[in-house]
Structures are given as structure tokens and as C-alpha cells.
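For reference, the structure is listed below as C-alpha cells.
Bear in mind that the values in this text are calculations on the coordinates, not laboratory data. What you see is a predicted model; the values in this text were computed from it and never measured. Virtual Cβ from ideal backbone geometry, glycine too; neighbours counted across all protein chains shown.
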Amino acid sequence: MKEIAVIGAGTMGNGIAHVFAMKGYKVALIDIAESALEKAMATIEKNLDRMVRKERITEGDKLTTLAGITTYTDMKQGVAGRDLIIEAATENIDLKLKIFKNLDELAAPNAILATNTSSISITKIAAATQRPDKVIGMHFFNPVPVMKLVEVINGYATDPQVTAEIMDMSKGLGKVPVEVKDYPGFAANRILMPMLNEAFYTLYEGVSGVQEIDTVMKLGMGHPMGPLQLADFVGLDVCLAILEVLHKGFGNPKYAACPLLVNMVTAGKLGRKSGEGFYDYSAKGKDLVVAQQFA
Ligand code: CAA
């Protein structure tokens, strides 16, 4: 299996294309917007340049990797003849169901259809196709070239042979795959999101400040980023959407999103991507600046 396609050229999609191309796969990177594809290729080049600077790869490796990625705005052309298609579009259920219905018609009959969803049911996505046995979750973590984990999620009907292939392929990418079942939040976000939500409550209830909460978890627990910085990095809208999936899926009030998070998302404060969340990213300096609201 050496020819794959990635749908969606955002942060996750370009990271996934990057890691596959670096291992010699021929990658079709597909997005509806030409501008998104241009931005993705520029990001991949920037991340490869950083690896060249750190002497992890040579300039030649960088050029070969870039040459291994072809961009498409036409899904039919992009997926033709590919053995594996990984969807990494926006986390929106209607959009994903539509993409999988189309993919089922356009992709080769034997192709595996994977989704990088962080919280939407694999079983539900698979049900939009005529090949639910070939649909699987392949959940990467941001930044994809750095984070070793791939959460491999089996839908209700996923063929164990498909799971075995995806596990092997993930190992071949230099990642560590972990197999999990298809229940709300899978394993990673079921554990991560309640922790982040508790950090939001700790701030909301005035127990401590933004920097203090992050310092507690960085220096006390050895996390590379504090929970509020990490929430900004993931996107506060994404955190809210996943908490809602957990809350609805389990019907347990312990997953109810903190009202502060709800207000921030409503106000358009989505974290790093919108320029402000718990921290203010407008200054562009190296040091993190706490957003005015919490300073
Ligand atoms: N692409 C490629 N390499 C990158 C990179 C990128 N976008 N960003 C950082 N790096 C590399 C750097 O080159 C550096 O490499 P070396 O250590 O080999 O020299 C390394 O990553 C560390 O980078 P920095 O020294 O610049 O910065 P840092 O030490 O602050 O680390 C970090 C940055 C790796 C992002 C680190 O802070 C971290 O691990 N944070 C936590 C990230 C995390 O938890 N991600 C998961 C989020 S949840 C998710 O994605 C899924 C979901 O469903 C919500």
C-alpha cells in the first residue's frame, strides 16, 4: 500500500500528508480551496526546513518528500487508484457523512476509508458507506510530525484485517498505534477533555489564575504545555464540541462544559487560531501573554 490520499489540507491534513510522504508514500492532498492547498504546502515546507536545520533530514530528503505530494481540488481525480484515503476535514458530522458517501462512490472498491475524527462515531460514519468493514478511525495528534500516537478506532463493523493493516502502517510511519473501541471520545479525548474542563472550572471559580494553573500542570505533572495553553492550541471550539459529544453520548453531567468555555467560544475567542483564548497571540513574541480578560 503505497498510494494514499488525504482529504482536508488544514493543520491535521497537512501534517498527515507530511509524515506519509516522508516515508515514501505517494500522497494526494485534496481540498476544495486552492488557497488552502497552497498554504498547506508552504507549512509542510516550513516544517521540513526545520528538520533540515536540526539535521534530522537532508535537503534532498526534503525535496523528495515535497515531490511525493500532489495537490487536487477535485476529489474524484485525487482519490482515483489510492489504496487508503484519510479524511481530515472540519469536525462536522454532516460534512463527514457527505464526504464518506462520495468517497464510497469514487474510491477503488478495495480502498480503506479512514477518518481522523477526534470524536465522531466511526460506526456512524461507516454507515454512510456500502463498505463499513473498510472504514476505520486513524486519529493523529497535533503537531502530527512530532506526536508519536495514532489512536486506531474500530467501528462496529471494521474488519480485523483492516485494523491489522492500519496498525502495521502506523508503525511503519514511526508512530505508536493504540487500538481502541468506538465509544464517545474514544480513549484520548475521554481522558484529556475532562482534565481540560476541570482546568477551565478551576479558573472560572477563581481558584487560581491562567499562568498559575498551567504552571501547576507543567511543573507538578511534567506536561509539556499547561491545560489552558493546550486548550488554546487544540482550539476552544474543538474542546467544546468534544465535551458535548461526551456529555450527550454518556448522559453524565460530569462532562458538562464549563460555562466559561461556552462563553469564550460564543464570543469567538477560539484560542491560537483566532488570535486569543486564555492567552493573547497577537504579540507574536516568544513569551506567552495572558489575555486581557484574565490578566
Ligand atoms: N512540525 C514539525 N516539528 C515540530 C512542530 C511542527 N509543527 N512543532 C514543533 N516541532 C518540533 C521541533 O522541531 C522540536 O524538535 P526536536 O525536539 O527534535 O528538536 C520539537 O518539536 C519541540 O519543539 P520546540 O522546542 O519548538 O517547542 P516545545 O519544546 O515547546 O514543543 C510541542 C512543542 C511539541 C508542541 C510541545 O509543547 C508538546 O508536546 N505539546 C503538547 C502537544 C499535545 O498535547 N498535542 C496533542 C493535542 S490533542 C490532539 O491533537 C487531538 C485531539 O483530538 C484534540
Cα-based convex hull volume of segment 1-119 per residue, rounded to whole Å³: 94
Only Lys, Arg, Asp and Glu count, each charged at its Cβ (+1, +1, -1, -1), so figure out the dipole size of segment 139-211 about its Cα centre, rounded to 20 debye. 180
Given the DSSP H assignment, sum -39500 (n - 2.57) over each helix run of at least 4 residues in the chain and divide by its residue total; what's the result at 222 nm in deg cm²/dmol, nearest 500? -13500 deg cm²/dmol
Determine how many Å³ per residue the convex hull of the Cα atoms of the chain encloses. 134
Could you give me D for segment 233-292, from Stokes-Einstein at 4 °C and 1.567 mPa s, where the hydrodynamic radius is the Kirkwood radius over C-alpha pairs? Units µm² s⁻¹, please. 105
Quick check: residue separation of A187 and A295 times 0.36 nm, minus the Cα distance between them. What number comes out in nm? 35.5 nm
Place a +1 charge on the Cβ of each Lys and Arg in the chain and a -1 charge on the Cβ of each Asp and Glu, then give the dipole magnitude about the Cα centre in debye, rounded to the nearest 20. 340
Partner aspartates and glutamates for K171 [C-alpha distance under 15 Å; skip if fewer than 8 residues away on the same chain]: E151, E179
Share of Cα-Cα pairs in segment 93-248 beyond 24 Å, in percent? 41
Filtered hits (lysines, Cα-Cα < 17 Å from K248, offset >= 8 within chain) -> K124
Rounded to the nearest 5, what % of DSSP beta bridges with both residues in the chain are antiparallel? 25
Farthest positive-ward along the chain dipole, Cα basis, beta-carbon charges - from Y201, S170, H247: S170
When the Cα centres of segment 139-176 and segment 180-254 are compared, how far apart do they sit, in Å? 23
Calculate the spin-label point distance for E212 paired with N110, positioning each point 7 Å from the Cα along the beta-carbon direction, and give it in nanometres. 6.2
Exposure proxy ranking, count of Cβ atoms within 10 Å, fewest first, for M51, M22, M264: M51, M22, M264
For the residues S208, S170, what sequence is obtained by ranking on other C-beta atoms within 10 Å, fewest first? S208, S170
Over 26 Å (Cα to Cα) - which of K175/K218; K39/K148; K2/K62; K181/K273; K76/K148 fall in this group: K181/K273; K76/K148
Given the Cα-Cα distance of D133 and Y204 and 0.36 nm per residue of separation, how much length would full extension add, in nm? 21.1 nm
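When T90, T70, T65 are ordered from fewest to most other Cβ atoms inside 10 Å of their Cβ, what list results?
Values: T90 9, T70 16, T65 25.
Lowest to highest Cβ neighbour count: T90, T70, T65.
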